[in-house]
Amino acid sequence: MDEQLQQLAPTQSGSALNLLERAFLSADDAARFAHEQIGRHRNRGYYGYILQRNDQRFVITDLTGHPVSMTSHHEVIPDNHVLHSRFYSHPALSTLDVAKVTQLKWTVEDAATSLLMFSVDELRNSLQSGLPAYLSGAENSLIGFTPDRPRALSLLAQLGTEAAPGVFALGLKKGTIKPEQFVEEAAAAGDLQVLVSNGRWRPRGRITGPVVAGPWARSVPERVSFGAVFQSADEAALDRYAKDTELYDEERTWFGFILKQQGKEEYIATERVPVSDGRDKLYSLRSLFGISRKTGDYHYPESFKLHAFYYSRQRVKHARDPARRWLAHHFIVPRDLFVVVYDSNKRPVLDPDRVIPLYISTQDGALLKYVPRKGTKLFDNDTPGMGLEDIQKNLASGVLTPTGFVRVVANSGVLQVMRTNVCWDSRGGVDKYWQSSMNLQRRTLGPVFLTADDAALHVRSQLPSGSAKAFGGVILKRADGFFVATDPIAILREDFDIPWVFPDEAVTLGQFPAGCLIIARYRSRVPRELPVLLSTVDKEVYLNMLSVDVVCTAFIREGLMLDEYFLAPDGATIRYRAGLWARFKADLAIALGTSGKPGRELDAASIKEQIYLGLLSPTDWVKSLAKSGYLQVVSGSPLWGSARTVTEFAAYPPAVAVTSGYARAVAEPACSPMYIREQDAACFAHERARNRSATGFGFILKNARTGAFIATLPIDMQGAWLAYDRIFPGVLPSSHVTSAILLCAGQAPQNLSDDDYRHFLSPMDVSLARDAARTPQGYKPIYVSCADGALLRLSLSPFDPDLSLDKFGQYEFKDNPFATLERAQRDWRDIGEGRFRLSSYIQRMAKSGELEVLVTSAYWSRKGKVGQSWQPRMPSVSVDEQWANNPAPALGPIFHHPDDAALYAQSRLRSHESQTTVHASAILSSPGSYSFVALEPIADPGSPNEAIKRIFRIASDASTSPRNRLPRFPDGYTLVASHQLLLAAGTTPAERSDATDANFASAAQVHAHTHALKAKGFDINAYYYSTRYGALLKYTPTYSASERTLLLTQPVQLVEGKWATVLSTDLFITRLADIGKLQVLKPAYFWNQARRLGSDWSLRRQQIPDVSPHPTRDEL
């Protein structure tokens, strides 16, 4: 529905109506369904029709953008349907023009009411046609109107027509009549009902007069809400589960019912009821249905009867003991389950042949189904240890664990998992051996960074584009002081709890990153219109700042203080660290002023109330945060300005004017991940610098303590000196020294002549880089990122290559004259006069030092060292010759875990230029540290396993020769894992193969990547296999005799004179999973679920993990 609503277009008259499949008992229910589908899509209004079928069921059409005309489409209504009513939705409050609201002299409540109520045109249409209408005025408001013909005529006259508006319509337009008066007039002209109440405007039920101040006590609804009609109770429960979208701050239990039509397989789910004392006790039918005085039965619709209970629980924060807290969060507390079992046991008189199922929607997102066994002893006081009080006492004392209680329940009937989550991670029946999070997967981590800010910028680059969900995660500090971040995962609330990322079981199972400490949370937000009336600037501020909930949690959090990162929709990345709570309250009181009642209890709800009422502007809110905490713009945007520490906030700050010289840095630069080679850090910056509008520069730094390298991301040169203070606000990062200079060319025009300098850089820019690279010890390397995608490295000689004799006849060592200011100015004049030849310039450069092409392009076509006879577009050299010249494979960044390094290698294969099907990689590790590095994928040149042989070549190999040299890896790193990768193929279902041997390696391949390498002296701990469809599998070998025998088994053998398959791929996987540890790390086609594989792998691989249907909680 998310994508569908975004692509809606106005309906044209005469077009066919497209009906949604779901059918409902009433038009109210159909309207509620449409209202739920609209949800937060409030950037515009939508429109649809509710039709009634011949069988008296109601259906709704596809929702489209508001049509220009409100005329109906009777001529295209399908057969056996009649038009019953129209459905409208309105945009969000933030879409209103504040100036227009002020002009009309409306209050905030007036503005809100104008959207919660039908427009003049919408109501006029209903009055003229005599048909009911429904309006979704806000995400949490739905009303319905049925005109009363005699009373409607008077209002219709006051509204007039579209061409000739009446007195009332004109009064509304001019502001002399308030929206609330329009509501009361409409209520007098028909039946105006609140079907879904926002808790502020009016309670549910018929509108009969002016607004009555809330809160209002819940009453039994006159018109109970039901879901669509389904053919099974499970489908009805799943639909009800998908609607549990509201997340509450207070602990609250809800219940509902599944009803069944007598004699038919038709099921409906009721609305949910919050548990309270009195009438609304758990599973109380009186909460929804009246009782017939004649039959004594409840007033169910049609011939529906009770079939099942539905249970959900929200926001468990302060349960009395750990066991109760776990059960409330992941399952159901014993007392709430007792009611179900009790009701089932007391029903033999009424219905001796059945028990009542219970559907449990857990707070952490699972859906369970429990059917107690007939005559179960669960909660039987006569059975020792099974009575309710005994169970509660044993849980509190620890005699019975929460997991043990789950097993007791499973043993007392049938307990099933219908929708999975982290805790309930396998769909199907729960048995007496159940454990929570049996299939818990390790959280994937990004590469290692020097700072937490850089880790946050990395996760921003990993956010899925176009998603309708928010994502979040945490940033961790390693024991060595460096940082890693978890990859983004979908979150249900921006103010998420840490266990959402790292459940308690992650620590128990050893899946928490070793030696790490959580130091920050981060989250993103989906841009949308807001349910708040704000000016254009304040709306942008509110949308692009941390939510009030997150900020309040940051201030009142007990224990470790965490930084809060926000990946704002406008592209900015914000970091906030809370200061003193007392200072925060004082600053906020100043921002609120006397009208804001600063003396009241301060919490997130009260602050948001002040913003909603217009008593606290988002701009003033952010100003108070800047004063009472530490607000940092990590990466900027027009709204936030450039990266800096914010002490005085102002939206859309002007750029700082540079009066003389150049602009100096005021914030630490954005940097690459950490690499173990300088060249690889340069490659990262080169890839990030593509499509630049102007020439840029940066530095590559080396950590003198660890030997690791980082690259600063390039900034514009602007023809100025490449000074450190243009990138660093102070000294270089601790323990770091400059290792190299990086220049990045701006975009160049197409179809340049081969001698145009823009294939490289301006001689003046090269001269500036030469000066920056010069040291008393010689010149530091200069990396050049060309506009066409090539990457070059220049290492200038310290002396003039043309030796000369002094007056004594001795060789004279003069400074290298290449790219001096004088020479560069001469070259620049030649460019202006049309005499400059780039090929000659490159040849001079090659003579003045060592110039090497690291990444090729069409122009820089030959990889390797550039000779003095160089010409553009030279024939490329073979892969074998490249290896002979430089047997040092390209490497990825440092990772904290080898699996993440393997995932990185797989991600790099997607952009690999080679058309070779099979590639190889490997994982390097530094003993005693959590530092793992993947080799960039190497194409297999043709012969089987040639690439892997090249990576793992040793001196005693027969193939070793001066041309087939041993690979060169950084000191202190050794090979610990092998990786076989297949180039992506089969993008359409028709092209994909379901054959197992097309989705996993053969026994011979596994042997070649494990035992064969072990025999050569490599300590191989894992074998990774990337399928052609994008899955990543990992096998951890045992190196046992049985494993070796399995891997050396020929799959096809001669048996009794005939060739027969003795080891199919399916059998091989089964036996391999039994001997060692075989895992799916990244799911994709064929391997649909990340998990450890066992004997049931062929069944488990087909199960697709459930995706939560619940949107991120609205914290604005």
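The values are calculated or read from the model by the stated rules, or taken from the named source; none is laboratory data. The shown structure was predicted, so the numbers you read here are calculated from the model rather than taken from an experiment. For neighbour counting, all protein chains shown are included, and Cβ atoms are generated from backbone atoms with ideal geometry for every residue, glycine included.
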Could you tell me how many of the residues in the range 160-202 are in contact with a His (Cβ under 9 Å, 6 or more places away or on another chain) and among the aromatic types (Phe, Trp, Tyr)?
0
Over the range 282-310, the set of residues more than 21 Å from ASP29 (Cα to Cα) and in contact with a helix residue (DSSP H, G or I) (Cβ under 8 Å, 6 or more places away or on another chain) is LEU282, TYR283
In the range 173-206, which residue that is part of a helix (DSSP H, G or I), more than 44 Å from the chain's Cα centre (by Cα) and not basic (Lys, Arg) is farthest from ASP110 (Cα to Cα)?
ALA188
Near pairs, Cβ below 8 angstrom, 6+ apart or cross-chain, from the range 409-424 (surrounded by fewer than 18 Cβ atoms within 10 Å (Cβ to Cβ)) to any residue that is of a type in the set (S, T, N, Q) and assigned to a helix (DSSP H, G or I)
none
Filtered residue count, the range 761-784, keeping only those that are assigned to a helix (DSSP H, G or I), among the aliphatic types (A, V, I, L, M) and closer than 22 Å to ARG690 by Cα
4
If you take the residues in the range 710-731 that are in contact with a helix residue (DSSP H, G or I) (Cβ under 9 Å, 6 or more places away or on another chain) and part of a strand (DSSP E or B), which one is nearest to ALA769 (Cα to Cα)?
ILE715
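Each row is one residue, and each column tells you yes or no for (1) part of a helix (DSSP H, G or I); (2) among the hydroxyl-bearing types (Ser, Thr, Tyr); (3) within 19 Å of SER635 (Cα to Cα).
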residue: GLY473; (1), (2), (3): no, no, yes
residue: ASP480; (1), (2), (3): no, no, no
residue: PRO499; (1), (2), (3): yes, no, no
residue: PRO513; (1), (2), (3): no, no, no
residue: GLU529; (1), (2), (3): no, no, no
residue: VAL532; (1), (2), (3): no, no, no
Among strands (runs of 3 or more DSSP E) lying entirely in the range 351-469, which contain 3 or more residues that are hydroxyl-bearing (Ser, Thr, Tyr)?
none
Criterion (farther than 25 Å from THR102 by Cα, touching a residue at least 24 places away in the same chain (Cβ under 8 Å) and of a type outside the set (Phe, Trp, Tyr)) met by exactly one of ALA217, ALA188, ALA169, ALA157:
ALA188
Determine whether GLU162 is crowded, with 16+ Cβ neighbours inside 10 Å and among the acidic types (Asp, Glu).
no
Condition check: more than 25 Å from GLY661 (Cβ to Cβ), surrounded by fewer than 21 Cβ atoms within 10 Å (Cβ to Cβ) and touching a strand residue (DSSP E or B) at 6+ places or on another chain (Cβ under 8 Å). Does ASN703 satisfy that?
yes
Run LEU115 past the list (1) within 34 Å of the chain's Cα centre (by Cα); (2) part of a strand (DSSP E or B) and report the number of the one that doesn't hold.
(2)
Go through the residues of the range 1056-1064 one by one and say whether even a single one is within 35 Å of the chain's Cα centre (by Cα) and over 19 Å from ALA947 (Cα atoms).
no
Output the residues belonging to the range 88-117 that are among the aromatic types (Phe, Trp, Tyr) and touching a His at 6+ places or on another chain (Cβ under 9 Å).
TYR88
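Here's the yes/no breakdown for (1) among the hydrophobic types (A, V, I, L, M, F, W, C); (2) outside the structural domain of ASN411 (by TED's automatic domain parsing); (3) out of contact with any Lys or Arg (no Cβ under 9 Å at 6 or more places or on another chain); (4) within 25 Å of PRO669 (Cβ to Cβ):
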residue	(1), (2), (3), (4)
LEU440	yes, yes, yes, no
THR444	no, yes, no, no
GLN462	no, yes, yes, yes
SER467	no, yes, yes, no
ILE475	yes, yes, no, yes
ILE489	yes, yes, no, no
LEU492	yes, yes, no, no
PHE496	yes, yes, no, no
Count of residues meeting criterion [under 19 Å from the mean Cα position of the chain (by Cα) and farther than 12 Å from GLY1030 by Cα] in the range 1073-1106
5
Scan the range 235-253 and tell me whether some residue there is more than 32 Å from the chain's Cα centre (by Cα), over 26 Å from PRO531 (Cα atoms), surrounded by fewer than 20 Cβ atoms within 10 Å (Cβ to Cβ) and not assigned by TED's automatic domain parsing to the domain that holds VAL333.
no
Conditions (1) part of a strand (DSSP E or B); (2) at pLDDT below 90: number failed by PHE145
(2)
